[in-house]
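Peer 1: Structure in structure tokens, see below.
Just so it is clear, none of the values below were taken in a lab; they were calculated from the coordinates. Every value quoted in this text rests on a predicted model; they were computed, and no experiment measured them. Here Cβ is always computed from backbone atoms with ideal geometry, including for glycine, and neighbour counts include all displayed protein chains.
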Amino acid sequence: MSKFHHKSLEWSVWIANALFKPMKLRFIPSGWRRWLRSVFPFLTLVSFLTVMLINSFTPAIAQLPRQEIRGVWMTNNDFETLKDRAKVQDGVSQLRRLNFNTIYPVVWNSGYVMYPSAVAKSAGIQPFVLRGSDGRDILADLIAQAHRQGLLVIPWFEFGFMAPPTSELALNHPDWLTQKRDGGETSISAAGEVVWLNPFHPKVQQLISNLVLEIVTQYDVDGIQFDDHMSLPHEFGYDKYTIGLYTQETKNNPPSNPQDAAWVRWRADKITAFMIQLNQAVKARKPNAIFSVSPNYYDFAYKFQLQDWLTWVRQNIVDELIVQVYRPNLQSFLQTISRPEIQEAQQMIPTGIGIMAGLRNNPVPIQQIQSQVRAAQERDLGVAFFYYESLWNSAPEPVTARLAAFQTLFSAPALRARGTIELPLGTRAQEQ
């Protein structure tokens, strides 16, 4: 309950006491007492209306306004921009002019890091990108330029537990991989054929934790983001290590059906436990870092990816949620963004919808983007676009038309304060 609400209650009690005092003051002449009794109903009505008016202001003052997410992911496909300092400066300035407020640059992709990393080196992983064309640290430069323009930068661990089978990570540490019941180690994803690091293995957890803490400690980031790959396809978990752990804890072998409810719950709970530990480690290093999650919609995420993100939200380890809804069909899009778990999350934390801005081989028309953004805005949801280059360059319309459309969608600024984490409604935000 807010201080303002407490004050309004005190004011209510004071009015009531003041009104009843004349009824108790027997030493007042009888004529005055009769007059006070005659006007008492009127004074009661006035007091009631006064209290109602005061209390009507409480929600607006007690609840902090939600910080609207207007973000964009910067992927490996944006490397031509990221490696050039002048292009980064122009891009950040353009995002600021168009009233964006958050950038999510990739830092972990295909089993490789996108920054100079001692942690990766110790694991036998070479950085995919070390420096820009002029020798600068790409991530540090992007952060500096974005902060000068008032934008947040939240690095994105895109691949999570996923890696290509030909990556140094997979080849150097085969014992870190999990497998299906038939012994298969790969699955097909949007990134092609991939293997999955075992999210239950302590060495895998240590690697991910060390990489995340390295980013949070060495760079002036505003947070860290994990997406739908901080998970495990439900077919996996039949490796020797996981079978042993499950047998030790349950006294049973894992069910042959990978969708067995108890088997799904056990594995999902293990991933949740790791995410809780990871959140605690991040907050210990940088208390106001935004712990951001960008999953698929909940039913799919939990049943097929063992990613129980709604529990993460309810356990207060998620500071920002962006649900990926890459649907060209507007009706399907509307149904998904109206789901109850999204409504529940947005009552507690800044919540947005991931919108497809286009791919190189599949550009998205601006009309589709506009209708989806407006649908999200009508539901008080923020948005983030996948990905930067497709906002206006890899597009079916001229650049000028795309820029004009985004200017209309975000006609007013929506700056996000650095160092501020929003807490559930009715509580005060933390300040740095």
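Peer 1: With θ taken as phi - 60° and the coefficients 6.51, -1.76 and 1.60, list the Karplus ³J(HN,Hα) couplings across region 374-379 in order, rounded to whole Hz; mark glycine and proline as x.
Peer 2: In residue order, the calculated couplings are 5, 5, 5, 4, 4, 9 Hz.
Peer 1: Out of residues 5 or more away from Phe385 or on other chains, whose amide H comes under 5 Å of its own, with H placed 1.01 Å from N in the peptide plane?
Peer 2: Gly71, Val72, Trp73, Ile355
Peer 1: Follow-up question, since we're still on this one. So if R0 is 41 Å, what FRET efficiency would Thr408 and Leu171 give, r being the distance between their Cβ atoms, rounded to the nearest 0.05?
Peer 2: 0.25
Peer 1: Oh, and also: Could you compute the FRET efficiency for Ala190 and Gln126, with r as their C-beta to C-beta distance and R0 at 30 Å, rounded to 0.05?
Peer 2: Here the calculated transfer efficiency is 0.80.
Peer 1: Show the residues, 5+ positions off or on another chain, whose built amide H is closer than 5 Å to the amide H of Met230.
Peer 2: Phe161
Peer 1: Compute, for region 127-243, the length of the dipole vector about the Cα centre, with Cβ point charges of +1 (Lys, Arg) and -1 (Asp, Glu) only. Units Debye, rounded to 20.
Peer 2: Once rounded to the nearest 20, the dipole reads 140 debye.
Peer 1: Based on the mean of other Cβ atoms within 10 Å per residue, sort peptides 317-323, 346-352, 182-188 so the most packed one is first.
Peer 2: Listed from highest to lowest mean packing, they are 317-323, 346-352, 182-188.
Peer 1: Ok, one more. How charged is the neighbourhood of Asn77? Take every other residue with its Cβ under 11 Å from the Cβ of Asn77, and add Lys/Arg as +1 and Asp/Glu as -1.
Peer 2: Once all neighbours under 11 Å are counted, the net charge is -2.
Peer 1: Additional query: So the label point goes 7 Å from the Cα of Gln367 along Cα→C-beta, right? Which residues of region 300-339 then have their backbone N under 13 Å from it?
Peer 2: So the set is 330.
Peer 1: Would you mind checking which residues have amide H under 5 Å from Glu320's amide H? H placed 1.01 Å from N; only 5 or more apart, or other chain.
Peer 2: Here Phe291, Val293 satisfy the definition.
Peer 1: What are the ³J(HN,Hα) couplings of region 225-240, residue after residue, when phi is run through the Karplus curve with 6.51, -1.76, 1.60 and θ = phi - 60°? Round to Hz, x for glycine and proline.
Peer 2: Running phi through 6.51 cos²θ - 1.76 cosθ + 1.60 with θ = phi - 60° gives 10, 10, 10, 6, 8, 7, 6, 8, x, 4, 6, 9, x, 9, 7, 4 Hz.
Peer 1: Magnitude of the Cβ-charge dipole of region 65-409, K/R +1 and D/E -1, about the Cα centre, nearest 20 debye?
Peer 2: With only Lys, Arg, Asp and Glu charged at Cβ, the dipole is about 360 debye.
Peer 1: In nm, to one decimal, how far is the modelled label at Arg181 from the one at Phe300, with both set 7 Å along Cα→Cβ?
Peer 2: 2.4 nm
Peer 1: Sticking with this one: In the structure displayed, which of Lys121/Lys286; Lys180/Lys203; Lys83/Lys121; Lys180/Lys251; Lys251/Lys286 lie more than 30 Å apart, Cα to Cα?
Peer 2: Exceeds cut-off: Lys251/Lys286.
Peer 1: I've got another one for you. Measure off 7 Å from each Cα along the Cα-to-Cβ vector at Asp269 and Asp137, then give the distance between these two points in nanometres to one decimal.
Peer 2: With each label point 7 Å from Cα toward Cβ, the separation is 4.1 nm.
Peer 1: Mind listing the phi-derived Karplus ³J(HN,Hα) values for region 386-401, rounded to whole Hz, using 6.51, -1.76 and 1.60 with θ = phi - 60°, and x for any glycine or proline?
Peer 2: After applying 6.51 cos²θ - 1.76 cosθ + 1.60, I find 10, 9, 4, 4, 7, 4, 9, 8, 8, 9, x, 9, x, 4, 4, 5 Hz.
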